[in-house]
Amino acid sequence: MDIEKLQRFNSAYVGDYPFLQDLGSEWAQSRPLAGLRILHNIPLTRETMLKLEPLYLGGADVTVTHLELPGLEPKEDCVDLLRDAGATVELDHRRINGTFDIALDCCAQVPAMENVNIERGYVELTQSGTPIYSELETDLPVYSLDLSKLKCLEGMFGTGEACVRAIKQFVTPDLDGRKIVLFGYGKVGRGIARYLARENVRLTVVDINATYLDQAAAAGHKTLKSARCQELLETINDAFAVIFATGHPGLLQSLYAPSEIADNVQLINMGADDEFGDDYPANRIVADKAPLNFLLDSPTTMFFIDPIFAAHNRCCQNILSDDAHGFTALPAELDLPFVDAWSRRYGIDVSDIYY
Ligand SMILES: NC(=O)c1ccc[n+]([C@@H]2O[C@H](COP(=O)([O-])OP(=O)(O)OC[C@H]3O[C@@H](n4cnc5c(N)ncnc54)[C@H](O)[C@@H]3O)[C@@H](O)[C@H]2O)c1
């Protein structure tokens, strides 16, 4: 692997990413991952290239793949650059086989790879993979980054901002006064609500959690419980768009058949699963069911996602040095200290993440 090719590519990146840069400088010196076989499965984007650099500098032997989700394609220039630099890249999960030390995973897709054996541990990046890893029968350490305040920072700021940017770019530039229904008022949903409110959208929040619905109402949004009923159907059919951010596969199908939803309602996914279900064909959903922000050149602005990417990588060292066994949250030293450092650096008040 010609790391210099990757570094030249990354040097053209416009944006701030101090957490990954610090990690790269540190690991280039200490080489803590020398010879470590890492299977890297997250969406392959321009930002992911910045995340890969410290792994190579740390000495890891990385196999790069791409998250498999309907409608979600890897960025071609990134695939080309990695192949040209001699990196091991295999985009087809069925063709990945062999033994790896660590899986840096997203949506718990690595345990489903039949010909892959992981020997040292797993690190899961997002909510959708967390329930699967929590039930994985293994003594190996399994870190879920979703169980952290740092992940709230990504969801409530980065993903929310990216969602609204993507809607304006791909759906409509004019959101003023539009009615939107939002399923899910967790980390990602709150971020979306925060940024939609700035566009003067008339928002209805739908969730199963009564406390979260009270919090949405206190923030000035209409609210409805997530259950099949006429009021929810009418609200959906009266809306310009419905956005899904629950992490619940097949949610819409479990509530309403495609024939019940008016054709002019834009259906948008922001979750990392197919939240509509197989009854809804991909072409009925904006972006063919892909999380909409992944159509953007930058699916999440780097400075929001930089600390969580750095933490995902850093967990490799925890796996190597720790005697942790089984499923656990992001290690504490990578959570609040990272949140505080980020907040201080950019002067952004993040108190809303402590809900
Ligand atoms: N697009 C992106 O860039 C991006 C980034 C981070 C996470 N994600 C994905 O977004 C999804 C949501 O992640 P999160 O971190 O906000 O999760 P979360 O657990 O913080 O929030 C999920 C919310 O959905 C609600 N919910 C669950 N079942 C529901 C149902 N049947 N009806 C209505 N509401 C329901 C929960 O009560 C909760 O409020 C996941 O799939 C996650 O992997 C996407």
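The values are calculated or read from the model by the stated rules, or taken from the named source; none is laboratory data. Keep in mind it's a predicted model, so treat the numbers as computed, not measured. Every residue, glycine as well, gets a Cβ built from its backbone with ideal geometry; the counts of neighbours run over all protein chains shown. These accessible areas exclude ligands, DNA and RNA; they are computed on the full protein's heavy atoms, side chains included. Shrake-Rupley method; radii C 1.70, N 1.55, O 1.52, S 1.80 Å.
Residues in region 99-116 that are closer than 23 Å to L57 by Cα and small (G, A, S): A103 alone. Scanning region 304-333 for residues that are open to solvent by less than 20 Å² (accessible area, probe 1.4 Å) and within 18 Å of the chain's Cα centre (by Cα) returns F304, I305, D306, P307, I308, F309, A310, A311, H312, N313, C315, L330. Going by the conditions given, is L203 open to solvent by less than 50 Å² (accessible area, probe 1.4 Å) and farther than 24 Å from D263 by Cα? When the stated conditions are applied, L203 does not pass them. Condition first: more than 30 Å from G15 (Cα to Cα), open to solvent by 30 Å² or more (accessible area, probe 1.4 Å) and of a type in the set (D, E, K, R). Now tell me which residues in region 275-303 satisfy that. Scanning region 275-303 gives D278, D279, R284.
Among the numbered conditions (1) part of a loop (DSSP other than H, G, I, E, B); (2) charged (D, E, K, R); (3) under 21 Å from V123 (Cα atoms), the only one that D16 does not meet is (3).
Would a scan of region 24-39 turn up a residue that is within 24 Å of the chain's Cα centre (by Cα), in the same structural domain as R344 (by TED's automatic domain parsing), farther than 30 Å from N283 by Cβ and of a type in the set (A, V, I, L, M, F, W, C)? Yes - at least one qualifying residue is present in region 24-39. Within region 35-45, one or more residues are in contact with an Asp or Glu (Cβ under 6 Å, 6 or more places away or on another chain) and crowded, with 22+ Cβ neighbours inside 10 Å. From the list V116, V110, V89, the one residue that fits, being over 15 Å from P299 (Cβ atoms), open to solvent by 10 Å² or more (accessible area, probe 1.4 Å), aliphatic (A, V, I, L, M) and within 22 Å of the chain's Cα centre (by Cα), is V89.
Out of region 34-47, which residues are free of Cβ contacts under 8 Å to residues at least 60 places away in the same chain and either touching a Leu at 6+ places or on another chain (Cβ under 6 Å) or of a type outside the set (A, V, I, L, M, F, W, C) (or both)? Full working, then the answer.
Here is the first cut: in region 34-47, the ones free of Cβ contacts under 8 Å to residues at least 60 places away in the same chain are 34-35, 44.
Result: G35, single match.
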